[in-house]
1. Out of all the residues in region 116-154, which are touching a Ser or Thr at 6+ places or on another chain (Cβ under 6 Å) and over 15 Å from Q232 (Cβ atoms)?
2. Can you name the residue in region 250-302 that is polar (S, T, N, Q), touching a helix residue (DSSP H, G or I) at 6+ places or on another chain (Cβ under 8 Å) and not in a helix (DSSP H, G or I) and, of all such residues, is farthest from V214 (Cα to Cα)?
3. If you go through region 160-168 one residue at a time, do you hit one that is in contact with a Pro (Cβ under 8 Å, 6 or more places away or on another chain) and in a loop (DSSP other than H, G, I, E, B)?
4. Residue check: is T90 in the same structural domain as L146 (by TED's automatic domain parsing), closer than 24 Å to A296 by Cβ, touching a helix residue (DSSP H, G or I) at 6+ places or on another chain (Cβ under 8 Å) and of a type in the set (V, I, T)?
5. Which one of A102, A107 is among the small types (G, A, S) and in contact with a helix residue (DSSP H, G or I) (Cβ under 6 Å, 6 or more places away or on another chain)?
6. Identify, please: which residue in region 69-79 is out of contact with any helix residue (DSSP H, G or I) (no Cβ under 9 Å at 6 or more places or on another chain) and closer than 17 Å to Q30 by Cα and is, among those, surrounded by the most Cβ atoms within 10 Å (Cβ to Cβ)?
Amino acid sequence: MLCSFAFASGSSALVVALSNDDGWDAPGIQAMRVALEAAGHTVTLAGPLDEQSGSSAAGNFVSNLVIKKESANEYSVAIAGGTEGAEPATSALIAIGIARDANGGVAPDLLVSGINSGANIGAATQLSGTVGGTIVAIANGLNGSLPAIGISTDEPCDEDDPPGGDLPACVAANAAHYADVAGFLAGFIAYLETKPGFLAAESGLLPKGVALNVNYPPLPPGSIQGVSLNIQGRTLVLGGVPLNIDFRCFACALIPVGATSPGGIGGAGFDPTPDVAGSDSADFGAGFITVVPIEADYTASEGVLDGFESVIEDLNDD
């Protein structure tokens, strides 16, 4: 199915902070920078010195980060010593701070986190440093809340096992895919600027305290089935298969006090848990670009709160 998106042209120029968790010079973030600049936006890129995937919203809350200007408007962020990259959430905040300083003290209009190598759908979302960067952007208390969009995709070609052993062709295919994904998001941002009501540009690109987690399938544009509005799936889907990862210590119950034992991922098994209706995992697997609005609020749903109401009342009565 050839998907035609009604994207606007000539949108307003924005001040954009750009970050990621794959490293400041990763192909995905560089493709995103090129697309945003081509759309007329002012982009400040600051990402970890090296890959820091799977870091969620962890941060380095220190005053001695090592920030290196790699080129005009591009920075790498490392922890003290300068040899290991800072956490993605930290890098996102640094990108926002540099963009604000360059903009005369006015906060940027948007943080974009990505393009990440690897989809962040379902339960993988909580582990994602890409999404973690958006969480600290929308949260109050850290540089001030501003709109944020996380963008991720699976690479269509496995560079660790390229077809026919042709690594250059595989790298080129992935680069072309990243350009497609970046072009989509640049157009989507322009589209958001045209929407009436709370999405109007004069009222902010997104509602205050809201980010979007966007995932683009590893498909050419002509095979994309459309864009779907989703809720986050509850299962961990890797390679289209819901899995339960066994993370453990391999002999800890048997070793004496003070001894050590290896540990880590011990394997993975199929997770038969049914996912929720309308999940991003299902639509992503069906070829849709998925969009999940997210917030930084950890509060449980209203139904869960209602269930605890009598518990707390009884506690106060005792």
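1. Once the filter is applied, which keeps residues that are touching a Ser or Thr at 6+ places or on another chain (Cβ under 6 Å) and over 15 Å from Q232 (Cβ atoms), region 116-154 yields N116, G129, G133, I138, A148.
2. Step one: filter region 250-302 for residues polar (S, T, N, Q), giving 260-261, 273, 279, 281, 290, 299, 301.
Right, trim to touching a helix residue (DSSP H, G or I) at 6+ places or on another chain (Cβ under 8 Å) and you get 279, 281, 290, 299.
Restricting the remaining residues to those that are not in a helix (DSSP H, G or I) gives 279, 290, 299.
Numbers: S279: 13, T290: 6, T299: 22 Å.
Only one residue fits best here, namely T299.
3. Kept after step one, since they are in contact with a Pro (Cβ under 8 Å, 6 or more places away or on another chain), are these residues of region 160-168: none.
No, region 160-168 has no match at all.
4. On the way: in the same structural domain as L146 (by TED's automatic domain parsing): yes; closer than 24 Å to A296 by Cβ: yes; touching a helix residue (DSSP H, G or I) at 6+ places or on another chain (Cβ under 8 Å): no; of a type in the set (V, I, T): yes.
Judged against the criteria, T90 is not a match.
5. Values: A102 fails: in contact with a helix residue (DSSP H, G or I) (Cβ under 6 Å, 6 or more places away or on another chain).
Matching residue, one of A102, A107: A107.
6. E70
For every residue, the table says whether it meets (1) on the phi < 0 side of the Ramachandran plot; (2) surrounded by fewer than 20 Cβ atoms within 10 Å (Cβ to Cβ).
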| site | (1), (2) |
| --- | --- |
| V34 | yes, yes |
| E37 | yes, yes |
| T42 | yes, yes |
| L49 | yes, no |
| S53 | yes, yes |
| S56 | no, yes |
| G81 | no, yes |
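Each row is one residue, and each column tells you yes or no for (1) part of a strand (DSSP E or B); (2) more than 24 Å from S145 (Cα to Cα); (3) at pLDDT below 95.
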residue: R33; (1), (2), (3): no, no, no
residue: L45; (1), (2), (3): yes, no, no
residue: E70; (1), (2), (3): yes, yes, no
residue: Y75; (1), (2), (3): yes, no, no
residue: R100; (1), (2), (3): no, no, no
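The values are calculated or read from the model by the stated rules, or taken from the named source; none is laboratory data. In this text the structure is predicted, and so the values were computed from the model without any measurement. Here the Cβ is made from the backbone with ideal geometry for all residues, glycine too, and neighbour counts use every protein chain on show.
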